[in-house]
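For reference, the structure is listed below as structure tokens.
The values are calculated or read from the model by the stated rules, or taken from the named source; none is laboratory data. Owing to the predicted nature of the structure, the values given are computational and were not obtained by experimental measurement. We place every Cβ from the backbone using ideal geometry, glycine too, and count neighbours over all the protein chains shown.
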Amino acid sequence: MHGLKKIRDKLHEAINEETSANSLAAGFAVGVFFSFTPLVSLHMVLALLVAIIFRLSKVAAVAGAWVNNPYTMPFVFYACFRLGKKILGMHVPTPVFDQFQLATILKAAKIYAAPLFLGTTIVGALAAVAAYVIVYRIVVKVKSARQSA
């Protein structure tokens with residue numbers, strides 16, 4: 001639950017900024033999209049880079065990048081892999097590591113990359129669209145409530 005509190009606190013911080021609802025929602029959506037990619041160590045960096053380039057809320061982008069966290073990643077990645085495998089119509093064998101060498105691991109990973117990236121891209125895009133709509137509506141309501149108060 002600590003992760004949810006962090007996300008909520010960052011969104012409150014972002015809402016308090018003088019930023020448009022579109023910028024906040026789009027920034028959060030960008031972060032959500034990247035949180036679903038298998039590029040685990042680059043989630044925040046990529047979200048911030050896109051937020052900077054497109055002048056979106058950087059705080060919201062970072063908050064969105066925390067949506068898929070180390071506790072949920074194994075389940076999300078497995079489901080996304082299965083989705084990608086089904087779409088591609090692939091049968092992927094169970095990995096066998098007779099040697100733990102980088103070349104062996106990279107060769108085995110090559111088979112799994114396409115379904116994983118396809119699945120995470122589809123799920124990430126859908127999650128980003130949903131996140132945009134939800135955050136946009138929340139921000140509009142919060143900002144209009146603050147103006148009328």
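Quick look at the numbers
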| quantity | calculated |
| --- | --- |
| Among the residues listed as 104, 120, the single one being part of a helix (DSSP H, G or I), among the polar types (S, T, N, Q) and surrounded by 16 or more Cβ atoms within 10 Å (Cβ to Cβ) | 120 |
| Region 57-89, subset surrounded by 15 or more Cβ atoms within 10 Å (Cβ to Cβ) and of a type in the set (D, E, K, R), residue farthest from the chain's Cα centre (by Cα) | 85 |
| Condition met for residue 73 (closer than 30 Å to residue 22 by Cβ, in contact with a helix residue (DSSP H, G or I) (Cβ under 8 Å, 6 or more places away or on another chain) and free of Cβ contacts under 8 Å to residues at least 24 places away in the same chain) | no |
| Scope region 1-27; condition among the polar types (S, T, N, Q) and either at pLDDT 75 or above or outside any helix (DSSP H, G or I) (or both); matching residues | 19, 20, 22, 23 |
| Criterion violated by residue 94 - all others in (1) surrounded by 12 or more Cβ atoms within 10 Å (Cβ to Cβ); (2) of a type in the set (Ser, Thr, Tyr); (3) over 15 Å from the mean Cα position of the chain (by Cα) satisfied | (1) |
| Region 60-89: number of residues that are out of contact with any Pro (no Cβ under 6 Å at 6 or more places or on another chain) and either among the small types (Gly, Ala, Ser) or not in a helix (DSSP H, G or I) (or both) | 14 |
| Restricting region 123-144 to residues that are small (Gly, Ala, Ser) and surrounded by 13 or more Cβ atoms within 10 Å (Cβ to Cβ), the residue that is nearest to residue 79 (Cα to Cα) | 124 |
